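The values are calculated or read from the model by the stated rules, or taken from the named source; none is laboratory data. Computed from a prediction, not measured in an experiment: that's the story for all the values here. Every residue, glycine as well, gets a Cβ built from its backbone with ideal geometry; the counts of neighbours run over all protein chains shown. Surface accessibility is based on the protein's heavy atoms, side chains included, excluding ligands, DNA and RNA. Shrake-Rupley method; radii C 1.70, N 1.55, O 1.52, S 1.80 Å.
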Amino acid sequence: MDAEAVRETFQAFGPVGIRRMFGGQGIYREGVMFALESGGELYLKVDDESLGFFRDLGSRAFSYRMKDGRTGVMSYWLMPESALDDPDEAARLARMAFEAALRTKAAAAKKAKKPSSRAGKSRKSPERAL
């Protein structure tokens, strides 16, 4: 799927930015990645709040083969084929994915600001036996 087809799919959602990445494309709104394209398929960002919705649709997670042969799985799930031909459905799902991406970003920022359990604790040197 080329960049123009991606933009057309999300036209009702509003303007999106597209960046090439890992043989596919990252799809952004306001600097936040909410979808990715790989192998001609679109995947939307999910979090704990939206995962059940995509699971109920019979969707599947984006997965890839790592260099060591293991399979990696990301929190992006396949966009239903029906949304590719329905701009309103695509926009609704894009909004859901964008909101999941914002929640994920906010949680990561909150976690980064949280002081570690060692913060403020000084390291004591071992006492010498006399």
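Solvent-accessible surface (1.4 Å probe) assigned to Arg55 amounts to roughly 140 Å². What's the longest bit of the chain with no exposed GluC sites (Glu not before Pro), using DSSP loop states and at most 13 other Cβ atoms within 10 Å as the test? Looking at the chain, 50-126 is the longest stretch - no exposed GluC sites (Glu not before Pro) with at most 13 other Cβ atoms within 10 Å.
Against the longest principal axis of the chain, how steep is helix 87-113, in degrees 0 to 90 to the nearest 10, with axes from Cα atoms? Relative to the chain, helix 87-113 is tipped by roughly 10 degrees. Using Cβ point charges alone (K and R +1, D and E -1), the dipole size of the chain about the Cα centre works out to roughly 1660 debye. Using heavy atoms of the protein chains and a probe of 1.4 Å, the accessible area assigned to Met96 is about 50 Å². Heavy-atom accessible surface of Val16, to the nearest 10 Å², is about 20 Å², with a 1.4 Å probe and all protein chains retained.
Just check region 1-69 against the gyration tensor rule for me: Cα atoms, a ≥ b ≥ c as the square roots of the eigenvalues, rounded for a/c under 1.5, and otherwise prolate or oblate depending on whether a/b exceeds b/c. Oblate. Taking all protein chains into account, the per residue accessible area for the chain stands at 70 Å² (1.4 Å probe).
If you sort Arg7, Arg103 by accessible surface, 1.4 Å probe, largest first, the order is Arg7, Arg103.
The amide H of Leu42, built 1.01 Å from its N in the peptide plane, has Met79 as neighbours under 5 Å, considering only residues 5 or more places off or on other chains.
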